[in-house]
1. What residue, of Phe87, Phe71, is touching a residue at least 40 places away in the same chain (Cβ under 8 Å) and in contact with a Pro (Cβ under 8 Å, 6 or more places away or on another chain)?
2. Looking at region 159-180, which of its residues are under 30 Å from Leu331 (Cα atoms), at pLDDT 95 or above and not in a strand (DSSP E or B)?
3. May I ask you to list pairs of residues, at least six apart or on different chains, whose Cβ atoms are under 9 Å apart, with the first in region 212-238 being under 25 Å from Phe294 (Cβ atoms) and the second being hydroxyl-bearing (Ser, Thr, Tyr) and surrounded by fewer than 24 Cβ atoms within 10 Å (Cβ to Cβ)?
4. Could you grab me the full set of residues in region 99-112 that are free of Cβ contacts under 8 Å to residues at least 24 places away in the same chain and either surrounded by 24 or more Cβ atoms within 10 Å (Cβ to Cβ) or within 16 Å of the chain's Cα centre (by Cα) (or both)?
5. Is there a residue being acidic (Asp, Glu), in contact with a Gly (Cβ under 9 Å, 6 or more places away or on another chain) and modelled with pLDDT of 50 or more anywhere in region 38-52?
6. Kindly check whether there is at least one residue in region 317-332 that is surrounded by 13 or more Cβ atoms within 10 Å (Cβ to Cβ), under 20 Å from the mean Cα position of the chain (by Cα) and either at pLDDT below 90 or under 17 Å from His256 (Cβ atoms) (or both).
Amino acid sequence: MVHLTIHRGAHVGQRSFRRRAVLSLCAAGACMLASLAPGPARAQDKGTLNPQPLPPLAHPDDPNTLAKELFGRATTPAAMPPRAIGFYSKGCLAGGVALPINGPTWQVMRLSRNRNWGHPSLVEFLERLANQAPRTGWRGLLLGDMSQPRGGPMLAGHASHQIGLDADIWLTPMPDRELTREEREEMMATMIVAESRKDVDPKAWTPAHVALIKAAAQDPVVMRIFVNAAIKKALCRDAGSSDRAWLHKVQPWFGHDWHFHIRLQCPPGETGCEGQAPRPADEGCRAKEFDHWFDSAAPPPKPDAKPDAKPTPGRPGPRMSALPPACRQVLRAP
């Protein structure tokens, strides 16, 4: 069995939990989204330069042990053929592959989290998109969270990203130099959404943002892309009058104001992977479709999927019995 441990510094983010909960209340009309506009310093949580291992679990085989405690301590991938097992928010990853932390056109951020793992198809996609980025006017990618080495629930941060087919890409272009370790842990992403929360910040939004998201959406392995509703509104406005079919893959969702979230389709032939229904074929750009997101008096939005809902404080998350049985094999593999 693999030795299970993880760096304590990889798990930060209670502020983001609270912020997501407040945003959900706002969507239900409890407050105005405009009053919650986060400043750049709260774009995301910092990492650490001195990660410490978590203590070993006293009874890891106890059926009451939470799945996140087990998967959150796995620092190496399962030596198994690559497989995405289960659903994006209830599963695990066999045969995970690490995206190198540096590439010609990408750099991985928040290294202390050890979340630059994914299904080989995700790693191949990210390298492909990164190589394409300069042709869109985007120097290169800054990569946020992918998955843990064996996927599964995380101790903090995401409810999805469990099967190696999700990735967060910063809406900040890669600088023309290699970032230091300290910068990767503490540098903040650019806030793209304006203080009103109803549109993008014109000082931050560029045609390259549109071109990069379009390039990602046009890749056939991409099933959907999650962005803030204000960003979806800007994409609809700035996409031009032709070649707009890709917009249907872009789904508005809470947060996602400093990054966009890529979700891939289940790899062909992997029957243990539970996919989602395709997004509606229309662009999703009608004005009334944004009322739920920008009008506090409107009913809460009912999108077709929750991409990245963060665990609510006080909710422990699933036990192993709630995950596919194959996930036990993934944990026990060398």
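The values are calculated or read from the model by the stated rules, or taken from the named source; none is laboratory data. All values derive from a computational prediction rather than experimental measurement. Cβ placement follows ideal geometry from the backbone for every residue including glycine, while neighbour counts extend to all protein chains displayed.
1. Exactly one residue qualifies, and that residue is Phe71.
2. Scanning region 159-180 gives His161, Gln162, Ile163, Gly164, Leu165.
3. Close Cβ pairs (under 9 Å, with a partner that is hydroxyl-bearing (Ser, Thr, Tyr) and surrounded by fewer than 24 Cβ atoms within 10 Å (Cβ to Cβ)) amount to Leu212/Thr136; Lys214/Thr136; Ala230/Ser196.
4. Within region 99-112, no residue meets the criteria.
5. The first filter runs over region 38-52 and keeps only residues acidic (Asp, Glu), leaving 45.
From the residues that got through so far, the ones that are in contact with a Gly (Cβ under 9 Å, 6 or more places away or on another chain) too are 45.
Now drop any that are not modelled with pLDDT of 50 or more, which leaves 45.
Yes, that holds for at least one residue.
6. yes
Matching residues to (1) over 19 Å from Ala167 (Cα atoms); (2) touching a His at 6+ places or on another chain (Cβ under 9 Å); (3) of a type outside the set (Gly, Ala, Ser); (4) in a loop (DSSP other than H, G, I, E, B):
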residue: Arg224; (1), (2), (3), (4): no, yes, yes, no
residue: Arg237; (1), (2), (3), (4): yes, no, yes, no
residue: Gly269; (1), (2), (3), (4): yes, no, no, yes
residue: Pro280; (1), (2), (3), (4): yes, yes, yes, yes
residue: Glu283; (1), (2), (3), (4): yes, yes, yes, yes
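Conditions (1) closer than 23 Å to Asn50 by Cβ; (2) assigned to a strand (DSSP E or B), marked per residue:
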position	(1), (2)
Gln107	yes, yes
Ser112	yes, no
Ser121	no, no
Phe125	no, no
Ala130	no, no
Pro134	no, no
Arg139	no, no
